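No lab work stands behind these numbers, since they all come straight from the coordinates. Predicted model only: the values in this text are computed from it and were never measured. Neighbour counts are summed over all protein chains in view; Cβ atoms, including those assigned to glycine, are modelled from backbone coordinates with ideal geometry.
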There are 2 protein chains.
Amino acid sequence: MTDVRTGPIQSTFNSTPQTGMQQAPEHLFILFGATGDLARRKLYPALLRLWNEKRLPNKFALLGIARRPYHHDSFREQIRQAIEEFAPSAMPVAGDWQAFLERAYYCSADATKPEDFPAVASLVKKLEAEQGIPTHRLFYLAMAPELFAPVADQLQASGLTDLGDAPVENDRQAPWKRLIIEKPFGRDRTSAEILNQALRRVFAETEIFRIDHYLGKEMVQNIEVLRFANALFEPIWNHRNIASVQITSSETVGVEERAAYYDKAGALRDMVQNHVLQMVMMMAMEPPSRLKVEAIRDEKVKVLRSLRTLKEEEVYQHVVRGQYRGGSMWGQAVQSYRKEPGVQPQSSTETFVAARLFIDNFRWTGVPFYLRTGKRMATKATEIVVQFHNMPNHLYFNPEGQLQPNLLSIQVSPKEGISIRINAKQPGTDAVVVPVVMDFCQQTESPEAYERLLLDAMHGDATFFTRWDEVQLAWKFVDPIADAFTDHRLPLEPYAAGTWGPAVATQLPVAEGYQWWPLSTQTHEEGLLHEPI
Amino acid sequence: MTDVRTGPIQSTFNSTPQTGMQQAPEHLFILFGATGDLARRKLYPALLRLWNEKRLPNKFALLGIARRPYHHDSFREQIRQAIEEFAPSAMPVAGDWQAFLERAYYCSADATKPEDFPAVASLVKKLEAEQGIPTHRLFYLAMAPELFAPVADQLQASGLTDLGDAPVENDRQAPWKRLIIEKPFGRDRTSAEILNQALRRVFAETEIFRIDHYLGKEMVQNIEVLRFANALFEPIWNHRNIASVQITSSETVGVEERAAYYDKAGALRDMVQNHVLQMVMMMAMEPPSRLKVEAIRDEKVKVLRSLRTLKEEEVYQHVVRGQYRGGSMWGQAVQSYRKEPGVQPQSSTETFVAARLFIDNFRWTGVPFYLRTGKRMATKATEIVVQFHNMPNHLYFNPEGQLQPNLLSIQVSPKEGISIRINAKQPGTDAVVVPVVMDFCQQTESPEAYERLLLDAMHGDATFFTRWDEVQLAWKFVDPIADAFTDHRLPLEPYAAGTWGPAVATQLPVAEGYQWWPLSTQTHEEGLLHEPI
């Protein structure tokens, strides 16, 4: 059971530029890719929820841009349908629909055609003038990454990124522009640098918000709180007490409709370079001087700088790449990756990566960080398990070293929670020590990552977005591994769909005397759950 | 929710002389005070449960001794009635009653009359001979402490403590005698020493088992395991991480039928000198070299030696004594202590004690241990709360020092469990840190303390019994306080029945900036339980 023992004592993050309950500033949300999947599945539901919670200001408008020949009204109907399909729980009570939908406007334009941009620009300026919205422009590019640079160029050419220099009444009216983009940020360090240079011709680094939606997840944001607001954990958060850290992000789905992109990217670029390394950084960073965005990002970058880069000949020792074959999931046969529509029949793209990382600094010396991520795995879960050192052998309750280590588990999804496994005496006259688990489980529904991140971007809070040097250093770490994959310097291990990946990945922690711990979802699904003692 | 995550991994205490599942050795259980309250409420149920669990050997007999003129059969009927009244859940299925009751014998004797002892002695020898029980004699004196020394003398005079020197077939046959006694062990250091000298004329220190039934409680025994089998706790178990320790042992009952004894003893002698200080020792002791009885007791004694003795003039600063007045409990009026039957109308006996202790060693320097115990309090509970240091002010989530400290709570009774209170992020876009509680709660019924302790004594394991020097040093600490009470050097604070004691006791931790934490039972009873976040 979980409860708050001493009542509603609350501590707000006053020292940081967190957004809290604050309403977003007045702005125009300019969305490229307005008819696409991301917009329909994530962005419209997130905007509507923000609207329902009164986090959007009165002077707000959404301008959707895509090729299809919609009008404002038909676009509004599209939004309504998207909500009904993907987020029915977000639907407002009758009257409020209209108020939200009336904020939505549409401009049909082909992002690859420079000649279409003047119409966009004039509609932006018209909306701003008509609705009295200050020059606060949030550009969201929900589109293929090849278009990021060309669109940025056209935004500039059309004058949309020109904020003017008219005097303003007060600071809240001071004009701004921001750009939100989604991964992939390049496919290696070189291409990422080229992309970045192109964007930087138009937007300053502080204006670029690179979304990593894992950073919008409640429990990933909770890592900071766990580490820095608890005297229980802060003193033991180092190699003297922690034996290893395991990060799993597993999916049960296959490539589905993303095959064309995924077959070129693979699990390493799709998951490790961004989401998984972000979790490594959150777990491993030194306490920042303040919980302010640049101080935190500085510490995260230091983790990447301390990551031991794998030399070409070391990759095969520390990394496993796998690709799923056919198998059985939920009692049904599922097909091999190479037979999925849109995948090359001889594809050597990895759908699974496991790796052992070391962070060479005083805090983490000698502590292996094990990562694994993949598709068509046994369970869908993102979970971090911290394993503490074993108690000394031969001592006390541990004569044959059989005493189980303490574990701290941070469950990111689908369950959100924290568990601690400790050793306790089994009740009864028997003198038996058994591991028991103490749980804290989020009971309320957490907001979607996008809801939080959009609001942060509206406020200009980049804490949970990725800074350029994080992207750059993450590629620096990933590139030698990707090269080894390309050159086939390590085998592509097949694994049956519905399993925990190749056997060699299961063995990865064994070299140091560890094992992958069952995830909290597994204990239920695989019958490992035992009655409480 | 509580579960054992990785299955039935069990670690037995092989390194220690724990009794585990082992059957007790063959012996004769010689019980003085066989018709008394303790025997009927606690000892017969405990023996029967051990019998049901096959922990008692085939060659076992119980010899009850008291003044009443029972015969074996009428004594057996008395045992059956006691079980039915006080421990119906212990009743065996039909047939087994007889097998247990047939082990019971009775000898009518007045413990104050030397002339009654030869009959006891001859029955003991007759039973041993008839049943083939080796000379293994466990004497349990469930009687007034004034009788301890005279009975011991008569046991000796009657030859019952003479083990003979006949050769034995093997070690398990080697004769032994043991004495089990209950508190009070004297009423101050001098009287305790006199009592001890008398007992030691007949029994060696290793043959004397001083029961402190708190040491038989599951969660008190679990303190060792928590501390020494968990890498999470071991490194932070000191003044650098722990701010204070609070020990509460509260009762809701008044003095009831114990008034005659209690009015002479008071809460200090009845609870603090033994139970509460034992819990202090378990929490504070250094890791022993081995988990063996004398190594553990050596460490416990070191805690008492490090206890800061209160000088006469200091008692009033660190100790509160209280006595209950009338009040309301469970919606009914209850009367003042001084109006209880058997209590002197002008009695100044304390029914409540609170105190602040310091343990002057490297581990605990500067950490106040707050104790409180009393009758007619708001809740019946025994619970230990460890408060960790506050996080630094102004830092991170703690700009105004409002962040709540981490707490570890060990619930001894009536609930048995462990809770940890940590700080976590409140879900939602709000940046709010709130305390959340992670619980581990014993789900199975723990054995009664007496069941465990009797079995230990049968095995000769004295780990959870009190050694003489513990008794002696506990009195050394308590005596100056008792003297201050006697001399009225600190006020007798009245408190209303059904409350948490005198206001001045509530204020005790405030001097160091602390507070009494609500107990886990309180959060429910007093409506402090809040919805999980």
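Details
- Helix A:148-157 axis, angle to chain A major axis (alpha carbon atoms, nearest 10°): 30 degrees
- Distance between the pseudo-spin-label points of residue B:486 and residue B:469 (7 Å out from Cα toward the beta carbon): 2.7 nm.
- Around the Cα centre of region B:375-429, unit charges on the Cβ atoms of Lys, Arg, Asp and Glu (plus for the first two, minus for the last two) sum to a dipole of about 300 debye.
- About the centre of its Cα atoms, the protein assembly as shown shows a dipole size close to 420 debye [charges on the beta carbon of Lys, Arg (+1) and Asp, Glu (-1) only; nearest 20 debye].
- Trypsin sites (Lys or Arg not before Pro) restricted to DSSP loop in region B:317-412 with at most 16 other C-beta within 10 Å: B:363, B:380
- For a modelled paramagnetic label at residue A:333, 7 Å from Cα along Cα-to-Cβ, the residues of region A:486-505 in reach, with backbone nitrogen under 16 Å, are A:496-498.
- DSSP-assigned coil residues among GluC sites (Glu not before Pro) in region A:142-184, each with at most 13 further Cβ atoms within 10 Å: A:169
- Structure-based [θ]222 nm, chain A - -39500 (n - 2.57) summed over DSSP H runs of at least 4, per residue, nearest 500: -8500 deg cm²/dmol
- Of all chain B residues, the closest to the B-onto-A rotation axis by Cβ, with that distance in whole Å, is B:438, 2.
- For residue A:93 and residue A:201, the FRET efficiency from 1/(1 + (r/R0)^6), where r spans their Cβ atoms and R0 equals 41 Å, is about 0.35.
- A point 7 Å from Cα along Cα→Cβ stands in for residue A:328, and the other copies hold the same point at 6.7 nm, listed in rising order.
- The mean sequence distance of close C-alpha pairs (under 8 Å, at least 6 residues apart), as a share of the length of chain A, puts its relative contact order at 17 percent.
- Whether region B:89-175 is rounded, prolate or oblate, judged on the alpha carbon gyration tensor where a/c under 1.5 counts as rounded: oblate
- Exposure proxy order (Cβ contacts within 10 Å, fewest to most) of A:127, A:454, B:408: A:127, B:408, A:454
- Projecting the Cα atoms of B:249, B:231, B:216 onto the charge dipole of region B:180-252, computed from C-beta unit charges around the Cα centre, puts B:249 farthest toward the positive end.
- Against chain A, whose longest principal axis is taken from its Cα atoms, helix A:117-131 shows a tilt of about 80°.
- Chain A: antiparallel DSSP beta bridges as a percent of all, rounded to 5: 55 percent
- Label zone (residue A:58, point 7 Å along Cα-to-C-beta; backbone nitrogen cut-off 11 Å) within region A:95-133: none.
- Formal net charge of residues neighbouring residue B:76 (Cβ-Cβ distance under 12 Å; K, R +1; D, E -1): -1
- Principal-axis analysis of the Cα atoms of chain A puts helix A:293-306 at an angle of about 50° to the longest axis.
- Shortest-first distances to equivalent copies, position residue A:144, nm, label 7 Å out along Cβ: 10.0
- Shape category assigned to region A:54-99 from the gyration tensor of Cα positions, a/c cut at 1.5: oblate
- In chain A, taking the dipole from charged Cβ atoms about the Cα centre, the farthest positive-side position among A:93, A:477, A:515 is held by A:477.
- Annotation note: GluC sites (Glu not before Pro) in region B:354-431 located in DSSP loop regions with a Cβ neighbour count of at most 14 within 10 Å are B:400.
- Rough spin-label spacing in nm, given labels placed 7 Å along Cα→Cβ, for residue B:317 and residue B:504: 1.5 nm
- Teacher prompt: residue B:85 distances to equivalent labels in other copies, 7 Å Cα→Cβ, nm: 7.7
- Pairs beyond 23 Å (Cα-Cα), from A:300/A:380; B:217/B:380; A:183/A:217; B:217/B:300; B:264/B:375: A:300/A:380
- An oblate overall shape is assigned to region B:196-302, the ratio a/c of its alpha-carbon gyration tensor axes (a ≥ b ≥ c) being 1.5 or greater and a/b not exceeding b/c.
- Spin-label pair residue A:84/residue B:157, simplified geometry with 7 Å Cα→Cβ offset, distance in nm: 10.1 nm
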